[in-house]
Amino acid sequence: MSKPLEGIKIIDFTHVQAGPACTQLLAWFGADVIKVERPGSGDVTRTQLRDIPDVDALYFTMLNSNKKSLTLDTKKPEGKEVLEKLIKESDVMVENFGPGALDRMGFPWQYIKELNPKMILASVKGFSDGHHYDDLKVYENVAQCAGGAASTTGFWDGPPTISAAALGDSNTGMHLAIGILTALIGRDKTGKGQKVAVSMQDSVLNLCRVKLRDQQRLDRLGYLEEYPQYPHGEFSDVVPRGGNAGGGGQPGWVLKCKGWETDPNSYIYFTIQGHAWAPICRAIGKPEWIEDANYNTATARQPHIFDIFKTIEEWLADKTKFEAVDILRKFDIPCAPVLTMKELANDPSLRESGTITEVAHKERGSYLTVGSPIKFSDMKPEITASPLLGEHTDEVLKSLGYSSAQIANLHQQQAV
Ligand code: CAO
């Protein structure tokens, strides 16, 4: 099956998570992604958090599938020469080094553009160019704090909290992938490449836009009616942490189910969607609440929303999270069990759709990874193993016109 990005050649000068997540996605969809790595060590995630000695860590394998690996010391003249050749015949170069690293290496955007005016250079940095923090190196949690996620996540009586979801890393990579595809379409029209830059702070903030909405509402009104602080608590002049509150137009909360005393994930998320009030009352055995003036509008319910959740928890006390959802779905109530990684890994629907997929790897045997969350009617991305360090060095050099003798010579010069 031909894939839409076949024929697009990408120099993958990325490491850790933000950049690799972007190029992995493009590789799934058919791009020829060549990961350029330092000889001897490669991407630091190859060795971070290893579960099997001397074998590429899952951190690496789960972010670098469907790619090739070329080892090259791009600080040495002969490595620079190979990189220049690659730039001349590639469409995209993606990098997420620390600020200024590419310039220090001798490859500023001006030079890349001279080598190949059709090149798209895609960069991830912690902060955008010209930002007063643009000299900072940034990892996931730093970005979550700088982008507004941490100050608005967690409980009001606890500290700012980090999400387990990679809002700073993979999310930024996804933004960059959209930027690259847009620049590729733009290039079809203009014949010219361009630089695409995405900062981790901006990408986190983009996902926190509803909190900026709330800041402006708070500035105007002095309260936010969908937060647990309303109406009994107090608001300061900044958006507070709302615990597990719904955050949109529908109140919601994480509710205990049967077995919560021993199972920390025996919970469901329950949403009180306004127009579903009557079905909710019927589902939880409180039909008298349907017409009760204390309950029959969102405004009437809000002052005792936690008493309502308590009543629902009493109803949930003899039901597992799965049993509860099976009942509530019949009443069209938006809800879901709180699922663990183990439950997700074994979920037959996720296996069937390819969202959880098993990949065969030369050295570690098979491992699970998250496949494409994007589904196409005419293409099912096949997830293949991540490359071993330097696995495709000779193949790539040959394709650039190097003879076997020149390749052997290069290996010698590049040896660490
Ligand atoms: N050959 C020779 N040198 C190479 C090379 C190669 N193939 N690949 C990389 N290098 C060099 C770079 O030139 C750079 O050297 P200098 O610092 O001497 O110029 C160095 O290796 C990499 O530097 P770095 O700053 O990128 O690496 P770090 O481990 O100190 O920092 C990180 C890591 C992630 C904090 C930093 O890269 C960064 O802030 N990146 C931008 C934001 C980002 O993407 N963060 C998310 C990472 S995922 O959590």
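The values are calculated or read from the model by the stated rules, or taken from the named source; none is laboratory data. Computed from a predicted structure; not experimentally measured. So basically every Cβ, Gly included, is an ideal-geometry build from the backbone, and we count neighbours across all protein chains shown.
Restricting the stretch 144-174 to residues that are buried (at least 22 other Cβ atoms within 10 Å of the Cβ) and within 13 Å of the chain's Cα centre (by Cα), the residue that is nearest to the ligand (Cβ to nearest atom) is Asp169. Would you call Gly79 within 12 Å of the ligand (Cβ to nearest atom), surrounded by fewer than 20 Cβ atoms within 10 Å (Cβ to Cβ) and either of a type outside the set (Val, Ile, Thr) or within 22 Å of Met174 (Cα to Cα) (or both)? No: the conditions fail for Gly79. Note on the stretch 297-347: among residues that are surrounded by 13 or more Cβ atoms within 10 Å (Cβ to Cβ) and polar (S, T, N, Q), the one that is farthest from Asn265 (Cα to Cα) is Gln302. In the stretch 1-36, the qualifying residues are those that are among the aromatic types (Phe, Trp, Tyr) and either in contact with a strand residue (DSSP E or B) (Cβ under 9 Å, 6 or more places away or on another chain) or not in a loop (DSSP other than H, G, I, E, B) (or both), and the one that is nearest to the ligand (Cβ to nearest atom) is Phe13. Scanning the stretch 399-416 for residues that are free of Cβ contacts under 8 Å to residues at least 40 places away in the same chain and closer than 28 Å to Arg364 by Cα gives a single hit, His411.
Looking across Val16, Val36, Val44, one residue alone is within 18 Å of the chain's Cα centre (by Cα) and either surrounded by 21 or more Cβ atoms within 10 Å (Cβ to Cβ) or in contact (Cβ under 8 Å) with a residue 24 or more places away in the chain (or both). It is Val16. The condition of being at pLDDT 95 or above, within 15 Å of Ile34 (Cα to Cα) and not aliphatic (A, V, I, L, M) holds for only one of Lys137, Lys75, Lys88, that being Lys88.
The residue that is surrounded by the most Cβ atoms within 10 Å (Cβ to Cβ), among those in the stretch 229-244 that are free of Cβ contacts under 8 Å to residues at least 60 places away in the same chain and over 23 Å from Glu323 (Cα atoms), is Phe235. For the stretch 110-143, filtered to residues that are more than 13 Å from the ligand (Cβ to nearest atom) and surrounded by 20 or more Cβ atoms within 10 Å (Cβ to Cβ), the residue that is farthest from Ala21 (Cα to Cα) is Ile112. Filtered by the rule that a residue be touching a helix residue (DSSP H, G or I) at 6+ places or on another chain (Cβ under 9 Å) and not charged (D, E, K, R), the stretch 328-344 gives Leu328, Phe331, Ile333, Pro334, Cys335, Ala336, Pro337, Val338, Leu339, Leu344.
Looking at Ala293, Ala317, Ala298, which one is aliphatic (A, V, I, L, M) and modelled with pLDDT under 95? Being aliphatic (A, V, I, L, M) and modelled with pLDDT under 95 holds for just one of Ala293, Ala317, Ala298, which is Ala298. Test Leu102 against the stated conditions and say whether it is part of a helix (DSSP H, G or I), within 13 Å of the ligand (Cβ to nearest atom) and in contact with a Pro (Cβ under 9 Å, 6 or more places away or on another chain). Yes, satisfied.
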